[in-house]
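Structure first, commentary second.
The values are calculated or read from the model by the stated rules, or taken from the named source; none is laboratory data. None of the values given here were measured: they were computed from a predicted structure. Note: ideal-geometry Cβ built from the backbone for every residue, glycine included; neighbour counts use all protein chains shown. The accessibility values were calculated without ligands, DNA or RNA, using every heavy atom of the protein model including side chains. Shrake-Rupley method; radii C 1.70, N 1.55, O 1.52, S 1.80 Å.
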Amino acid sequence: MKHLITQFNLTPHPEGGFFREIYRSGQQVWSETASGDRAAATHIYFLLPKGQVSRFHRVIHDEIWHIYQGDPLRLLQFDGNRVKETRIGTGCPDFTTVVPAGTWQAAVSTGTYTLAGCTVAPGFDFTDFSFLADHPADSAKLKSLHNELALFL
C-alpha cells in the first residue's frame, strides 16, 4: 500500500485515508447551493487502508465513487433519519455509486485497502465540506439510531 501512496503522490486526508486531486475543470459554473462559482467538476484518488475510516462528512454537491483496485468499499450514507449501506468493487453488483448532495457519508475498506476515485460536480471546495461530528444534533441522532457507527464520527 505504501507503493500506492508513493506512486500516486497521495497525502493524508482530513477525513481519513490518503488522497490527491488529479483533475479540476478549468470551466467555472454557478452553484446555487454554494451561491458562487465552482469548477465544473473535480476528481481525486482516494486510498483507504485497513484500520482507517473515512469519517462521516458531507459535501454540498453530488459525489460519484469509483473503485479502481483493492478490496470492496463499504460506503455508508445517512440522510438524517436512516443509514443506507452500499458495497462497491470486485464481487459486488457495481464498481460505482453516487452519494447525493448534502448526504452524510462514511466509508471503510472491507479488506487490506481500497483505491477509489471520487468525482464531485460542481467541483469540490473545502468550504463546501463538513464533518458530522461538528453537528451535535445530527451526530446524536446517528448514535441513537446506530451507536455501532459512532466509530465513523
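Descriptive notes on the structure:
- Residue-normalised accessible area of the chain, given per residue in Å² at a 1.4 Å probe: 49 Å²
- Sequence-separation-based contact order of the chain, relative, with Cα cut under 8 Å and 6+ spacing, percent: 27 percent
- Calculated over region 80-145, the projected area of the Cα convex hull averaged across directions stands at 5.8 nm².
- The simple spin-label model puts a point 7 Å past each Cα toward its Cβ; for HIS3 and GLN69 those points are separated by 0.7 nm.
- Max mean-square fluctuation residue, GNM over the chain, Cα-Cα springs under 10 Å, options TRP104, TRP65, TRP30: TRP30
- Phi angles across region 139-153 convert, under the Karplus curve 6.51 cos²θ - 1.76 cosθ + 1.60 with θ = phi - 60°, into 3J(HN,Hα) values of 4, 4, 5, 4, 4, 5, 8, 8, 4, 5, 8, 4, 5, 8, 8 Hz, Gly and Pro given as x.
- Amide H within-cut-off set for GLY102, under 5 Å, with H built and near neighbours excluded: VAL59, ILE60, HIS61
- Cα gyration tensor shape of region 53-101, rounded if a/c is under 1.5, else prolate or oblate by comparing a/b with b/c: prolate
- Between ASP62 and GLU148, the modelled labels are 3.2 nm apart [label points 7 Å from Cα along Cα→Cβ].
- Gyration tensor (alpha-carbon) shape descriptor, region 1-87, a/c threshold 1.5: oblate
- Column: log10 I(q)/I(0), Debye, Cα scatterers of the chain, q = 0.13 Å⁻¹: -0.58
- Gain upon complete extension [THR127, ARG20; 0.36 nm per residue less C-alpha separation]: 36.8 nm
- Long-range Cα-Cα pairs in region 42-123 (distance over 14 Å), rounded percent: 58 percent
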